[in-house]
Amino acid sequence: STIKTAIKERSMSRIEMVDLDIDDPDIQNMFSAVTAMLGRVPNSYRTLARTALVAKMLVPFNAVVQREGAGSVLTSKLKEMVVIKTSHINQCNYWFAHNTSLGQAAGITEDQVIEIGTDEYIDSDLFSKREKAALLWATHVTLNTAKKDNGVYEQVRKEFDEQEIIELTLISSFFNFFNRVMDSLQVPVEEQKEVDKIKSSVHLDPLKVKDYLATTINNWPNNFPKPNPDW
């Protein structure tokens with residue numbers, strides 16, 4: 001297949017990453033969308049491109065849930081605080097590095113990043129009440145203690161309405177998922193210069209999401225692979 005012949009890099013990853021120049025229109029469409037909506041094609045999506053028909057469905061959700069501008073009511077800054085907290089608790093170096101960079105572009109300071117990585121944020125003067133509540137919720141979602149701790153929920157409910165709480169839960173849960181994917185596959189972090197390309201994608205243009213969805217529909221496959229029962 002074109003994927004197998006275009007793979008050139010393994011690095012420290014358990015899964016070989018797809019080359020950016022692969023001769024596959026479907027994957028190139030996904031790569032173009034990732035660049036347009038997420039700022040660059042990171043190693044995460046070069047890895048996920050090995051299952052392109054599945055991964056291409058992830059791209060628009062990743063963009064919309066993480067960034068402001070295309071339907072989310074939370075700011076990129078607040079959501080990046082949640083992502084950084086989630087990734088720090090999970091000790092996921094890959095997404096901690098990427099979202100520290102994106103967080104800086106969204107207005108998170110270096111001192112705030114350091115404080116997010118501790119339990120001292122709750123009493124810190126560096127965060128607003130809403131930011132503290134968001135970080136508290138991210139902590140409990142990540143530790144899976146949110147489901148039983150009504151006291152924590154009530155604290156969060158004082159600062160956020162129901163739609164906002166759903167978004168907070170989605171962004172933390174999404175990065176719990178993404179943390180585990182990158183760590184399980186040992187996807188390596190890019191050089192800092194490459195990571196920092198993410199900074200251009202703080203605000204999401206909804207037309208880019210629309211264009212991607214339209215292109216995906218217009219190029220919908222006629223055939224899909226069937227699971228091999230012998231695998």
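Probing with 1.4 Å while keeping every protein chain in the model, the per residue accessible area of the range 95-166 equals 54 Å². For the range 67-107, the Kirkwood estimate of the hydrodynamic radius, built from every pair of different alpha carbons, is 10.2 Å.
Working ranking of peptides 15-22, 199-206, 92-99, 220-227 by packing, defined as the average number of other Cβ atoms within 10 Å per residue, highest first, is 92-99, 15-22, 199-206, 220-227.
In the P(r) worked out for the range 20-96, what percent of Cα pairs fall beyond 20 Å? Result for the distance tail: 38 percent.
In this structure, the pairs whose alpha-carbon distance is over 22 Å, taken from LYS132/LYS199; LYS158/LYS199; LYS85/LYS129; LYS129/LYS193; LYS77/LYS148; LYS56/LYS193, are LYS132/LYS199; LYS158/LYS199; LYS129/LYS193; LYS77/LYS148; LYS56/LYS193.
Values (1) 141; (2) 202; (3) 163 are given for comparison; volume of the Cα convex hull per residue in Å³, derived from the coordinates here, is the one labelled (1). Mean separation of Cα pairs under 8 Å and 6 or more residues apart, divided by the residue count, gives the range 14-159 a relative contact order of 16 percent. Taking the average, over residues, of other Cβ atoms within 10 Å as the packing measure, peptides 162-171, 121-130 rank 162-171, 121-130 from highest down. Note: relative contact order over the range 46-110, using C-alpha pairs below 8 Å and six or more positions apart, is 23 percent. Ellipticity at 222 nm from helices only: DSSP H runs of n ≥ 4 in the chain, each -39500 (n - 2.57), divided by the residue count, give -18000 deg cm²/dmol. From the alpha carbon centroid of the range 46-80 to that of the range 200-220 is 11 Å. Annotation: amide H of MET17 within the under-5 Å range of GLU9, sequence separation 5 or more or interchain, hydrogens built in the peptide plane. The alpha carbon gyration tensor of the range 77-129 gives principal lengths a ≥ b ≥ c with a/c of 1.5 or higher and a/b no greater than b/c, which makes the shape oblate. The spread of Cα positions in the range 93-219, taken along each principal axis and listed from longest to shortest, comes to 48, 33, 30 Å. With coordinates expressed along the principal axes, the C-alpha atoms belonging to the range 94-154 extend over 34, 28, 17 Å, beginning with the largest. Simple spin-label estimate for ASP161 and MET57 gives 3.1 nm between the two label positions (7 Å along the Cα-to-Cβ direction from each Cα).
The values are calculated or read from the model by the stated rules, or taken from the named source; none is laboratory data. What you see is a predicted model, and the numbers here were worked out from it, not measured in a lab. Using ideal geometry, Cβ is built from the backbone for each residue, glycine included, and neighbour counts are taken over all protein chains shown. For the accessible areas, the whole protein counts, side chains as well, though only heavy atoms, and no ligand, DNA or RNA atoms are used. Shrake-Rupley method; radii C 1.70, N 1.55, O 1.52, S 1.80 Å.
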